[in-house]
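**Q** Sharing a structure here in structure tokens format.
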Amino acid sequence: MKSADIRRKFVDYFKTPPRSHQEVPSSSLVPADDPTLLFTNAGMVQFKRVFQGLERRDSKRAVTCQKCVRAGGKHNDLEQVGHTARHHTFFEMLGNFSFGDYFKKEAIEFAWEWVTGKEWLGIAPERLFVTVHHSDDEARKLWRQVTGIADERIFGLSDKDNFWQMGDTGPCGPCSEILVDIREKGEGRGTPGLADFERLSEAGRFLEIWNLVFMQFDQSADGKRSPLPAPSVDTGAGLERITSLMQGVATDYDTDVFQPIIAQAVEVIGKPYDRGPAGAPFRVLADHARAVAFLLADGVYPSNEGRGYVLRRILRRAVRHAWLLGRREPTLAPLIKTVSGLMGSAYPDLVQKEPHIERVTRAEEERFLETIEGGLGRLDELKGASVISGEDAFKLYDTYGFPIDLTQMIAGERGQKVDVEGFETALGHQRRRSRSARQLSAAQRVVEKMGGWVNLKAKGHQTWVGYDTTKAETHPIAFRQQGDQLELVLEENPFYAESGGQVSDTGVVKGDGWELTVEDVQKVDGKSAVVGTFGESFEPTPATAQVNEARRRNIERNHTATHLVHAALRKILGAHVRQAGSVVAPERLRFDFSHHGPIADDTLGAIEAEVNAHIWENLPIATREMAYKEAVAAGAMALFGEKYGDRVRVVDVQGVSLELCGGTHVPSTGHISLFRFTHETGAAAGVRRIEALTGPAAYRYGLELERRLDEAAGLLKAQPEHLVRRIESMLDENKKLEKRVGELLRGGSGTGDGGSVERIGDVDLHVGESDLEDRTQIGELMDGFRSKHKRAISVLFTKGGRPGIHVAVTDDLIAQGLKAGEIVNAIASKVGGKGGGRPHFASAGVGDAALMASARAQTPSIVKGLINP
């Protein structure tokens, strides 16, 4: 039975009614919100808060196949890997879980049926033994009742073997194990006593395949155990050891889980595999290739602290074992493809991130290969000593990159011990070492001053690591300090410098006793320098560089979105569309492109829908380097006017877009989440510009539109879904009111409120005020005046936001030479304004509204002067 079949059978068994467990995907190897764990080391880790009663799930039953690592902290199997049949750094844990639903009886029933059922594993019951906690009489009784197993095949063991806890704190409880008798026929298969059972189990003749943990307690830091809110079940069955049992082989390394990787290692190294002790290096390489691939896929990056340091130890341990086999080139990197090929169907991230995993692995191996020979030579010099001193161990670490456990392993092989306490002391001294300039003397660094720059390494080389990580353990190789501004060139640099429309990263660089907030990144002589405000004298030390990750992720969303929108524009508008510029910032994106005119709203909507469709397909994004001519021949889009080298980086959105691009991108389109246009305008002749939002910004934009919609609905006393109908009704009503107002105005006096009439010869002069501001309505008022009067003039002063003066003249006076424009300009001159219009109606603006009362008072004399010149 293949390992993939066992994995599937387990999940299918528990999903099938009446068991009806919800299948839950494996969580990351990096535990979420759990500072007590280095890595996910058991299936229950992602459910810890559920067991503690702090979180609820949709279902009270779950089944998983969880990826796990035990290579640091309390659960650390690193040193045994390759030398035993079952120890691994990375493994898969099959598990079923009950969150306050079923308990011991059902857990035992399910386990026994899956192990012995012919359609499942089909293991003969007479080969099975069971252990319980020595105090758990209930479990012992249930095993007998549910399965019929004889009491002499049930062994009660102590806390050491049958009380499970994830760490020093957290959920825990008594457990019960299922073991399979794998003794050869010649050894006899009788039922042993307790002492013989423990001895044979220790010797590997009874193989534990399943552990049922009856979660009853939550252990605090002081060791106190409190009852959990509801008794629950957590089980764990190791896929690798079950596979070895079902395939009838002696060790996990002889199964289809490891053999293809070992075969690839044999091909790479060119030496045969020995299944005995001499083959340990091959087994280490196979195991470590899996651990490295999965850790890198889950975002861990090699460094000198925490999870990154464990990954680096695993990598360097593998390099050392390959070295023992005569290999002087990267070995794990060529194995990555085999690992992703074996496990990619169950864990698609491995395939998607394979280029990244292979690139980082190769770089880390090459880095250690540069120093391993010197370190091994130094260890050879120390062969005569029974104990390797702390200072020597520290030099191996500091100069040659040997993790302390690697030194211990090699020393142990030679019968030596290592002064670990002395190593820790030396390491502490280094961290507390003075940062004064005296300690960075000419003997320790080469100082060259050019334009204010201080070079700390004569041949300092900067490595850009920002495609693979946002955090790096690094060293300053040059700096310049001018006033309160500090510029640093970092050896391993994760900070992106503005290029190709993508803005620079920000973040923090933190050393021993100093911290620089990175506000900008600038190019200096082909290198990237981080820039920030620094108010004290700078004294360099090794440092941790951390990009503002949330900001970078938003930039990546927007950058990948520009590729998608470019493809959508070309698909919908035509192949004439070419990028003419862009801005990729954390809060927005802007994209300029060649096109002849404005884009209709429905077309813009279709483009937006096309982009979102590709986002929701969650298409993988691959990057690779290739020759420029090869990339162009493959159909990659190159920007007009850009200069490219012989080698270029190609960003491939599967089936949608292929562009030359040096920027950072999301690993798959689904990470963009959402895309929304905000503006479409002209940028230049023949160039259009769109602006858009993605991810959280697009979500907030939608919320703001929804808030405005609700506000408008509230003002109009309508539900949001009825708002259009309400507005249409109001517009229709408004048209009717405007018509009625026009009729009333045309039937009015034409003088507004507070009007007066003065007789000048045979001409009636009407002067008044009005609050009207709409010029159409004012015109209708004046038309009404003209239709009702003969030999008359109306002068109307209007107030409001834009005060004005308006004059109407009847046709009989126009025939005598009077014109409304002349009259309005004569009056407007008194308020610093001017105007114009037609002979029968003219308007003027007001320069100083405070003078309007005076102008009104002078109006009769002004009009009289124009009537009788």
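**Q** Please determine, by comparing only the residues of segment 311-349 that are in a helix (DSSP H, G or I) and farther than 26 Å from E79 by Cβ, which one is modelled with the lowest pLDDT. Steps first, please.
**A** Initial filter on segment 311-349 (in a helix (DSSP H, G or I)): 311-324, 332-343, 348-349.
Going one step further and asking which of them are farther than 26 Å from E79 by Cβ, we end up with 337, 340-341, 348-349.
Working: K337: 93, S340: 96, G341: 95, P348: 93, D349: 90.
Checking each candidate, the answer is D349.
**Q** For segment 696-743, what are the residues that are among the polar types (S, T, N, Q) and either in contact with a strand residue (DSSP E or B) (Cβ under 8 Å, 6 or more places away or on another chain) or open to solvent by 100 Å² or more (accessible area, probe 1.4 Å) (or both)? If you could, list the steps in order and put the result at the bottom.
**A** Looking only at segment 696-743, we keep the residues that are among the polar types (S, T, N, Q), and these are 719, 729, 734.
Result: Q719, single match.
**Q** On to the next question. Can you report the number of residues in segment 360-369 which are of a type outside the set (A, V, I, L, M, F, W, C) and buried (at least 20 other Cβ atoms within 10 Å of the Cβ)?
**A** The number of residues fulfilling the criteria is 3.
**Q** Any residue in segment 241-260 that is of a type in the set (D, E) sitting within a Cβ distance under 7 Å of a residue that is in a helix (DSSP H, G or I) and open to solvent by 10 Å² or more (accessible area, probe 1.4 Å)? List the pairs, counting only those 6 or more apart or interchain.
**A** D252/R241; D256/S3
**Q** Let me ask another. Quick check on this structure: which one of D398, D380 is acidic (D, E), open to solvent by 20 Å² or more (accessible area, probe 1.4 Å) and free of Cβ contacts under 8 Å to residues at least 24 places away in the same chain? Spell out how you get there, then give the answer.
**A** Working: D398 fails: free of Cβ contacts under 8 Å to residues at least 24 places away in the same chain.
So the residue among D398, D380 that is acidic (D, E), open to solvent by 20 Å² or more (accessible area, probe 1.4 Å) and free of Cβ contacts under 8 Å to residues at least 24 places away in the same chain is D380.
**Q** Being open to solvent by less than 60 Å² (accessible area, probe 1.4 Å), within 26 Å of G95 (Cβ to Cβ), small (G, A, S) and over 38 Å from the mean Cα position of the chain (by Cα): is that true of S201 here? Explain how you work it out, then say what you get.
**A** Numbers: open to solvent by less than 60 Å² (accessible area, probe 1.4 Å): yes; within 26 Å of G95 (Cβ to Cβ): yes; small (G, A, S): yes; over 38 Å from the mean Cα position of the chain (by Cα): yes.
It is true that S201 is open to solvent by less than 60 Å² (accessible area, probe 1.4 Å), within 26 Å of G95 (Cβ to Cβ), small (G, A, S) and over 38 Å from the mean Cα position of the chain (by Cα).
**Q** Picking from P334, P302, which residue would you name as being touching a residue at least 40 places away in the same chain (Cβ under 8 Å), out of contact with any His (no Cβ under 6 Å at 6 or more places or on another chain), open to solvent by 20 Å² or more (accessible area, probe 1.4 Å) and closer than 19 Å to E366 by Cα?
**A** P334
**Q** Another question about this same structure. Mind listing whichever residues of segment 569-623 are of a type in the set (V, I, T), within 18 Å of the chain's Cα centre (by Cα) and closer than 18 Å to N554 by Cβ?
**A** Taking segment 569-623 first, the residues of a type in the set (V, I, T) are 572, 577, 583-584, 599, 603, 607, 611, 615, 621, 623.
The next check asks that each one be within 18 Å of the chain's Cα centre (by Cα); those that pass are 584, 615, 621, 623.
Matches in segment 569-623: V584, I615, I621.
**Q** Same structure, new question: All but one of (1) more than 24 Å from the chain's Cα centre (by Cα); (2) surrounded by 20 or more Cβ atoms within 10 Å (Cβ to Cβ) hold for R19; which doesn't?
**A** Unmet condition: (2).
**Q** Any idea which of G605, G635, G645 is farther than 19 Å from V583 by Cβ, exposed (fewer than 14 other Cβ atoms within 10 Å of the Cβ) and modelled with pLDDT of 95 or more? Outline the logic, then answer.
**A** Numbers: G635 fails: modelled with pLDDT of 95 or more; G645 fails: modelled with pLDDT of 95 or more.
Checking each option against the conditions leaves just G605.
**Q** Residues that are loosely packed, with under 13 Cβ neighbours inside 10 Å, at least 2 per element: which helices (runs of 4 or more DSSP H) completely within segment 759-869 meet that? Break it down stepwise before answering.
**A** Working: elements: 775-788, 811-814, 820-828, 852-867.
The helices (runs of 4 or more DSSP H) meeting that bar are 775-788, 852-867.
**Q** I've got another one for you. Starting from segment 179-203, take each residue that is under 12 Å from R127 (Cα atoms) and list its partners that are open to solvent by 80 Å² or more (accessible area, probe 1.4 Å) and modelled with pLDDT of 90 or more, counting only C-beta distances under 9 angstrom and pairs at least six apart or across chains.
**A** Within 9 Å, the pairs are D181/E126; R189/E126; T191/E152.
**Q** Filter segment 688-741 for residues that are outside any helix (DSSP H, G or I) and among the basic types (K, R); which is farthest from G501 (Cα to Cα)? So that I can check it myself, show each step before the final result.
**A** Going through segment 688-741, the residues outside any helix (DSSP H, G or I) turn out to be 688-694, 716-719.
In the following step, the residues that additionally are among the basic types (K, R) were identified as 688-689, 717.
Details: R688: 17, R689: 14, K717: 46 Å.
Only one residue tops the list, namely K717.
**Q** Let me ask something else about it. In the list F110, F91, F97, F163, which residue meets the criterion of being at pLDDT below 95 and open to solvent by less than 50 Å² (accessible area, probe 1.4 Å)?
**A** Numbers: F110 fails: at pLDDT below 95; F91 fails: at pLDDT below 95; F97 fails: at pLDDT below 95.
Among F110, F91, F97, F163, only F163 is at pLDDT below 95 and open to solvent by less than 50 Å² (accessible area, probe 1.4 Å).
**Q** Take the residues in segment 393-434 that are among the hydroxyl-bearing types (S, T, Y) and assigned to a helix (DSSP H, G or I); name whichever of them is nearest to R320 (Cα to Cα). Quick ask: steps written out before the conclusion?
**A** Keep residues of segment 393-434 that are among the hydroxyl-bearing types (S, T, Y), which gives 397, 399-400, 407, 425, 434.
With the extra rule that they be assigned to a helix (DSSP H, G or I), the set shrinks to 397, 399-400, 407, 425.
Values: Y397: 14, T399: 16, Y400: 12, T407: 11, T425: 26 Å.
Ranking the qualifying residues of segment 393-434, first place goes to T407.
**Q** Would you be able to say whether some residue in segment 247-259 is assigned to a helix (DSSP H, G or I), farther than 23 Å from V30 by Cα and open to solvent by less than 10 Å² (accessible area, probe 1.4 Å)? Break it down stepwise before answering.
**A** Filtering segment 247-259 down to residues assigned to a helix (DSSP H, G or I) leaves 252-254, 259.
Cutting the leftovers down to farther than 23 Å from V30 by Cα gives us 252-254, 259.
In the following step, the residues that additionally are open to solvent by less than 10 Å² (accessible area, probe 1.4 Å) were identified as 252-253.
Yes, that holds for at least one residue.
**Q** Let me ask something else about it. Quick one: which strands (runs of 3 or more DSSP E) sit completely within segment 507-619 and have at least 1 residues that are basic (K, R) and under 22 Å from L490 (Cα atoms)? Give the derivation first.
**A** Working: elements: 507-511, 514-518, 520-524, 527-533, 543-547, 579-584, 589-594.
In segment 507-619, 507-511, 520-524, 527-533 are the strands (runs of 3 or more DSSP E) which contain 1 or more residues that are basic (K, R) and under 22 Å from L490 (Cα atoms).
**Q** Here is a follow-up. May I ask you to list the residues in segment 43-61 that are open to solvent by less than 20 Å² (accessible area, probe 1.4 Å) and either without any contact (Cβ under 8 Å) to a residue 24 or more places away in the chain or under 22 Å from G344 (Cβ atoms) (or both)?
**A** Hit for segment 43-61 is G43, nothing else.
**Q** Within the bounds of segment 552-560, is there any residue that is open to solvent by less than 20 Å² (accessible area, probe 1.4 Å), more than 21 Å from A638 (Cβ to Cβ) and acidic (D, E)?
**A** yes
**Q** Only one residue in T40, T64 is under 17 Å from Q165 (Cβ atoms), of a type in the set (S, T, Y), open to solvent by less than 40 Å² (accessible area, probe 1.4 Å) and modelled with pLDDT of 90 or more, so which one is that?
**A** Values: T64 fails: under 17 Å from Q165 (Cβ atoms).
Criteria check complete, one pass: T40.
**Q** Scan segment 415-431 for residues that are open to solvent by less than 70 Å² (accessible area, probe 1.4 Å) and in contact with a helix residue (DSSP H, G or I) (Cβ under 8 Å, 6 or more places away or on another chain) and report the count.
**A** 9
**Q** If you don't mind, there's one more thing I want to ask. Test F797 against the criterion of being among the aromatic types (F, W, Y) and farther than 23 Å from K739 by Cβ, and give yes or no. Break it down stepwise before answering.
**A** Numbers: among the aromatic types (F, W, Y): yes; farther than 23 Å from K739 by Cβ: yes.
The answer is yes for F797.
**Q** May I pose another question? Exactly one condition in (1) at pLDDT below 95; (2) in a loop (DSSP other than H, G, I, E, B) is false for Q216; which is it?
**A** Going through the list (1) at pLDDT below 95; (2) in a loop (DSSP other than H, G, I, E, B), Q216 breaks only (2).
**Q** Then there's this: In a loop (DSSP other than H, G, I, E, B), open to solvent by less than 40 Å² (accessible area, probe 1.4 Å) and within 25 Å of Y102 (Cα to Cα): is that true of I209 in this structure?
**A** On the way: in a loop (DSSP other than H, G, I, E, B): no; open to solvent by less than 40 Å² (accessible area, probe 1.4 Å): yes; within 25 Å of Y102 (Cα to Cα): yes.
Answer is no for this residue.
The values are calculated or read from the model by the stated rules, or taken from the named source; none is laboratory data. These numbers were taken from a predicted model, which means no experiment stands behind them. Heads up, the Cβs are rebuilt from the backbone with ideal geometry, glycines too, and the neighbour counts pull from every protein chain shown. Remember, those area values only see protein heavy atoms, side chains included, never the ligands or the DNA or RNA. Shrake-Rupley method; radii C 1.70, N 1.55, O 1.52, S 1.80 Å.
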